[in-house]
Amino acid sequence: MWRCRIYYSTKCKAFLRSQEDNIIGEVPQHCHDSKPQVAQANIIKALLKRDMKAVGATPTNVLGHVLTNLSCDVLEHLPKQSSLTRNLFNHKKTAHIPNPTTTNFRIHENYADLILHDTGADDQERILDVTNLKIPK
């Protein structure tokens, strides 16, 4: 049994019964209007987060690329641009490995062949020279 997604806030009595992939019985009416713009705004937010994971992507580039073709109805249901920018920046930070804060980090053996020169972990101003080969996953 599936309830309306805003059942708790509006006490909407609409529900759907299913067995495997088949709907059983009649679909009752909702007690509220549907808002396709809200659904579209949620899809856009997920798309923005997905695009933000690309290498070299910045929040401004991603927002400019995605938001240019949206209608005003959908834009009304999105957060402010400053909030979107902050959320996208934080999303990108969590998607990538953080930069090391000390110079005495250990290089994993899978990546050792990518290092052309290393001045050593004990050097206060450590210098790494890395190749441009693709990193194995």
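The values are calculated or read from the model by the stated rules, or taken from the named source; none is laboratory data. Just so we're clear, the structure is a prediction, and the values are computed from it rather than from any experiment. Every residue, glycine as well, gets a Cβ built from its backbone with ideal geometry; the counts of neighbours run over all protein chains shown.
Overview of results
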read-out	value
Considering residues of the stretch 1-52 that are surrounded by fewer than 11 Cβ atoms within 10 Å (Cβ to Cβ) and of a type in the set (S, T, N, Q) only, the residue farthest from residue 74 (Cα to Cα)	19
Matching residues in the stretch 51-62 - criterion: being under 18 Å from residue 94 (Cβ atoms) and touching a residue at least 12 places away in the same chain (Cβ under 8 Å)	51, 52, 53, 57, 59, 62
Yes/no for residue 105 being of a type in the set (Phe, Trp, Tyr) and either in the same structural domain as residue 118 (by TED's automatic domain parsing) or in contact (Cβ under 8 Å) with a residue 40 or more places away in the chain (or both)	yes
Residue within the stretch 121-128 that is surrounded by 10 or more Cβ atoms within 10 Å (Cβ to Cβ), in contact with a strand residue (DSSP E or B) (Cβ under 9 Å, 6 or more places away or on another chain), modelled with pLDDT of 80 or more and in a helix (DSSP H, G or I) present	no
Residue list for the stretch 61-96, restricted to those being loosely packed, with under 12 Cβ neighbours inside 10 Å and under 15 Å from the mean Cα position of the chain (by Cα)	83, 93, 94, 95, 96
Top-ranked residue in the stretch 97-120 [being surrounded by 10 or more Cβ atoms within 10 Å (Cβ to Cβ) and β-branched (Val, Ile, Thr); ranked as farthest from residue 54 (Cα to Cα)]	119
Test for residue 43: is it outside any loop (DSSP other than H, G, I, E, B), within 13 Å of the chain's Cα centre (by Cα) and among the hydrophobic types (A, V, I, L, M, F, W, C)	yes
